[in-house]
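The values are calculated or read from the model by the stated rules, or taken from the named source; none is laboratory data. Not measured: the values here are computed from a predicted model. All Cβ positions, glycine included, derive from the backbone under ideal geometry; neighbour counts span all protein chains shown. Ligands, DNA and RNA are excluded from the accessible area calculation, which covers all protein heavy atoms including side chains. Shrake-Rupley method; radii C 1.70, N 1.55, O 1.52, S 1.80 Å.
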Amino acid sequence: MDPSTLTISQLRAAYGDGSVTPADAVRSILAAADARDAELGGYLSLDGETALAAAEAADLSLPLGGVPIAIKDNLHVKGQPCGCASKILTGYVAPYDATVIARLRAAGAIPLGRTNMDEFAMGSSCENSAIRPCRNAWDPERVPGGSSGGSATVVAADEAIAALGSDTGGSVRQPAGHSGCVGLKPTYGRVSRFGLVAFASSLDQIGPLTKSVEDSATLLQVLAGADERDSTCLDAPVPDYRASLRGTAGLQGLRIGLPKEFFGDGLDSRVRGLVEQAIDRMKSLGAETVEVSLPHTDYGVATYYIIATAEASSNLARFDGIRYGHRTAQPVDLLDLYRRSREEGFGPEVKRRIILGTYVLSSGYYDAYYLRAQKVRTLIRNDFDKAFAHCDVIAGPVTPTPAFRIGDNDADPLALYLADLFTLPANLAGLPGISVPCGLATEGGSKLPVGLQFLAKPLGEPDLFRAAHGWEQSGHWQESVLG
Ligand code: GLN
């Protein structure tokens, strides 16, 4: 048995019976990365020696003792580069641990490597990485999804046991969906963002990408909770998430809301078919479905791309060539230093967002765009409040299509933005969401994973785990194949 293929629970059991040691696990992961990562590009860097030293010192009595977890390149791990897959952060080394990293360490886990991403988490395909391309582990001609594409790829290719990502508009759930992993975006404020490089502060959340729903619950248990260093972090008690993992028994009486807006035109027929089959199976095991309506769904993309770019333009103002990373050579004066450092350091998508965000915040346009977007955001949140009066979870697809070919959307950033329509609402409304694989779509000789998404009310993570675990335990998702 190759330890790199195991889930967290399986690995912990293997440590428990002595059949595997943490050093075996790290070596097996390094071997998998050696074999596949030159092609896949999931990691931007991987320091095997540090990981092996941590493995030798692992305390197996801790909940995640000796479990290697890959880390997205926008999370601070003390002493390691933290570059957000951007040239502007060249040479920047994290001076401290993010709260999530401190929590992982306290639970005994081993932070492993830096995973590839869209530059500053802006994108849905990992094609915006300024460092190297990242490919889908199921079909290297295709994108892994994004922005946490590297985290999804290393989990899917057994180059990690699990990984952390960040989700501002879908960046954990969407790559998980495209790569056949489980991806969780917790409720806004459930997990501290201290030490996460900010993209859009009213939307960002950190979440795990895992091989099973159980592992997702195990990781959230460690990550969740108040943090005095993040004022947006909630002080709500952290429930026992594992108690909501009840297998198919948990489906008994579960009320699943189906918004018709999530099943409209433009949804790939295989994605529709696989999601509907999954819901039918859940019904046959005791779940009930109700039709719900989210009438403002159509406005989600526009609302998100106004709010996210506005916040990004402000957050990214700090990268000015003075304090972090890249500084232009021989500037003529201070303004020239700022201008050329930013010009040289940021890639085209990041520049597009900064320009758009600056525009929607500028005087004269603020009311027409930013303020109006905030009002629509409230309407979107109200839609969910009404829907959750009738159901425990809302179900639907993660993306309108399976993973596309690398380069297919290069000429049209708007087409990529539009494909985020099912994941953005959770961020706009602050809700938790989970993506679980529900089958495979065949295309041109490849089998491509398709994700099923569940959303719940704020702090409704136990409902998500109940639904997702029930589905996962109802059979083998890889046996559902549609062409
Ligand atoms: N695809 C979305 C964007 O480009 C979401 C990215 C994210 O969640 N970080 O903004």
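Which one, ALA102, ASN427, VAL290, projects farthest toward the positive side of the charge dipole computed for the chain from Cβ point charges (K/R +1, D/E -1)?
Positive-most Cα among the choices belongs to ASN427.
On a full-extension model of 0.36 nm per residue, what is the gain between ALA106 and SER474, subtracting their alpha-carbon distance, rounded to one decimal in nm?
Extending this stretch completely gives an extra 129.1 nm.
Can you pull the one-decimal nm distance between simple spin-label points at ALA389 and MET1, each 7 Å off the Cα toward Cβ?
Going from the ALA389 label point to the MET1 one covers 5.0 nm.
Hey, if you put +1 on the Cβ of every Lys and Arg and -1 on every Asp and Glu Cβ in the chain, which of TYR365, THR187, THR401 ends up farthest toward the positive end of that dipole?
TYR365
Pull up the DSSP beta bridges for the chain and report the antiparallel fraction as a percent, rounded to 5.
DSSP beta bridges in the chain are roughly 65 percent antiparallel.
Quick one: which of LYS87/LYS457; LYS78/LYS447; LYS72/LYS351 span more than 27 angstrom between C-alpha atoms?
LYS87/LYS457; LYS78/LYS447
Please report how far the C-alpha centroid of the range 435-483 lies from that of the range 165-186, rounded to the nearest whole angstrom.
With the range 435-483 and the range 165-186 each reduced to a Cα centre, they are spaced 12 Å.
Measuring with a 1.4 Å probe in the full set of protein chains, what accessible area per residue, in whole Å², belongs to the range 150-220?
Dividing the accessible area of the range 150-220 by its residue count gives 9 Å².
Which net charge results for the neighbourhood of SER212, defined as the other residues with beta-carbon distances under 13 angstrom from its beta-carbon, given Lys and Arg at +1 and Asp and Glu at -1?
Charge balance in the 13 Å sphere: 0.
Carbon and sulfur atoms: what percent of the 1.4 Å accessible area of the range 162-310 do they account for?
Carbon and sulfur: 49 percent of the exposed surface of the range 162-310.
Does the range 219-307 classify as rounded, prolate or oblate by the C-alpha gyration tensor (a ≥ b ≥ c root eigenvalues; a/c under 1.5 gives rounded; else a/b over b/c gives prolate, otherwise oblate)?
It is oblate, given that a/c is not under 1.5 and a/b is not larger than b/c.
For the range 1-149, rounded, prolate or oblate, judged on the Cα gyration tensor with a ≥ b ≥ c (square roots of eigenvalues), a/c < 1.5 rounded, else prolate if a/b > b/c?
oblate
What do you reckon, how do GLU228, GLU343, GLU261, GLU49 stack up by accessible area (1.4 Å probe), largest on top?
From most accessible down to least: GLU228, GLU49, GLU343, GLU261.
Calculated FRET efficiency, ALA236 and ASP280, Cβ-Cβ r, R0 35 Å, to nearest 0.05?
E between ALA236 and ASP280, to the nearest 0.05, is 0.50.
Label ARG323 and GLU343 with points 7 Å out from Cα along Cα→Cβ: what is the distance between them in nm?
The answer from the label model is 2.4 nm.
Once a ≥ b ≥ c are taken as the square roots of the eigenvalues of the Cα gyration tensor of the range 312-452, is the result rounded (a/c under 1.5), prolate (a/b larger than b/c) or oblate (a/b not larger than b/c)?
Since a/c reaches 1.5 but b/c is at least a/b, the shape of the range 312-452 is classed as oblate.
Using label points projected 7 Å from each Cα along Cα→Cβ, tell me how many nm separate GLU288 and ASP410, to one decimal.
Going from the GLU288 label point to the ASP410 one covers 5.3 nm.
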